[in-house]
Amino acid sequence: MATYNVHRCVGRDGRFDPDRVAGVLGELDADVLALQELQWRSSDALHLLDRFAADLGQRSIPGPTLLRPDGHYGNAVLTRLPVSQVCMVDLTVHGHEPRGAIDALLETTRGALRVVATHLGLLPGERRLQMRKMLAWLDDGPQHPTVLMGDINEWFLWGRPLRWLHARFGYAPAPATFPSCLPVFALDRVWMRPRDRLRRVSVHDSRRARQASDHLPLLAQIEA
């Protein structure tokens, strides 16, 4: 599986190029893809999310956080796995950009797998509130093996959201993904519970990926 902030499909050269992002998604070849900052227009004959899903032969789960007459913006999940249940989590903090998470129950050969894909806010206090709500939501939901991934936006190594997540999920490797030209910050993260089913976490650092967005994709190999 993978998480990828696509930056509205605007690359480091300032060019809107969905084909370039589609190429990166193809390179990833992931069973589950969490996307952030995806923008799709309702006026398009085949909007970007449907197009990416068709290209990859996967199902799409939209999770827009901004709804506009000319199109939507926010999170999405693409997956090859059967989807049995989807819930949307509102993580918006008053006075800040709307944020949310997609909570999807997927079917694997080993049973149900819960995947939560999110994009947290830019300010520390905002992220703390969002993470408290997220952890409470996780505790109240079905207790299946769970993957939490997305753009966590936490660049403080000892920030409270990271400490809370490590306490709940166990430590997970966090290679730097931002900025894509010379990654310094580990903004994009993947955790899994139980921890021993998270086998490997790595950055997808292809030439195309370095150009397609300001983030590099993060790949995770799990024992599903």
In the stretch 94-119, anything surrounded by fewer than 22 Cβ atoms within 10 Å (Cβ to Cβ) and either in contact with a strand residue (DSSP E or B) (Cβ under 9 Å, 6 or more places away or on another chain) or free of Cβ contacts under 8 Å to residues at least 12 places away in the same chain (or both) is listed as 94, 95, 97, 98, 100, 105, 107, 112, 114
Exactly one of 106, 129 is within 25 Å of residue 57 (Cβ to Cβ) and outside any loop (DSSP other than H, G, I, E, B), and that residue is 106
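Just the residues that are among the small types (Gly, Ala, Ser) and either exposed (fewer than 14 other Cβ atoms within 10 Å of the Cβ) or under 12 Å from residue 79 (Cα atoms) (or both), please, taken from the stretch 1-56.
2, 14, 26, 30, 34, 42, 43, 45, 53, 54
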Subset of the stretch 180-208, residues in contact (Cβ under 8 Å) with a residue 60 or more places away in the chain and either farther than 17 Å from residue 1 by Cβ or touching a strand residue (DSSP E or B) at 6+ places or on another chain (Cβ under 6 Å) (or both), comes to 180, 181, 187, 188, 190, 204, 206, 208
Log entry, pairs with first residue in the stretch 131-156 being closer than 19 Å to residue 172 by Cβ, second being part of a helix (DSSP H, G or I) and of a type in the set (A, V, I, L, M), beta carbons closer than 6 Å, six or more apart or on different chains, reads 154/162
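Could you list, in sequence order, all residues of the stretch 196-224 that are in a loop (DSSP other than H, G, I, E, B) and hydroxyl-bearing (Ser, Thr, Tyr)?
Pass one, the stretch 196-224, residues in a loop (DSSP other than H, G, I, E, B): 204-206, 213-217, 223-224.
206, 213, listed by residue number.
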Next item on the list: Can you confirm whether the stretch 141-159 contains a residue that is surrounded by fewer than 16 Cβ atoms within 10 Å (Cβ to Cβ) and part of a helix (DSSP H, G or I)?
Entry: no
If you check residue 202 against the conditions, is it among the polar types (S, T, N, Q) and either surrounded by fewer than 16 Cβ atoms within 10 Å (Cβ to Cβ) or at positive phi (or both)?
-> yes
Discussion item. Going residue by residue through the stretch 16-37, is there one that turns out to be touching a residue at least 24 places away in the same chain (Cβ under 8 Å), more than 25 Å from residue 178 (Cα to Cα) and assigned to a strand (DSSP E or B)?
Written reply: no
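Out of curiosity, is residue 81 in contact with a strand residue (DSSP E or B) (Cβ under 9 Å, 6 or more places away or on another chain), in contact (Cβ under 8 Å) with a residue 40 or more places away in the chain, within 16 Å of residue 30 (Cα to Cα) and in a strand (DSSP E or B)?
No, not satisfied.
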Residue 181 meets each of (1) in contact with an Asp or Glu (Cβ under 9 Å, 6 or more places away or on another chain); (2) surrounded by 14 or more Cβ atoms within 10 Å (Cβ to Cβ) with one exception, condition (2)
Taking the stretch 87-123 and keeping residues within 21 Å of residue 168 (Cα to Cα) and in contact with a helix residue (DSSP H, G or I) (Cβ under 8 Å, 6 or more places away or on another chain) leaves 89, 91, 101, 103, 116, 118, 120, 121
Filtering the stretch 90-103 down to residues that are aliphatic (A, V, I, L, M) and not in a strand (DSSP E or B) yields 91, 93
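Rule-based calculations on the coordinates, nothing more; no lab input. Predicted model only: the values in this text are computed from it and were never measured. Positions of Cβ are backbone-derived with ideal geometry, glycine not excepted, and every protein chain shown enters the neighbour counts.
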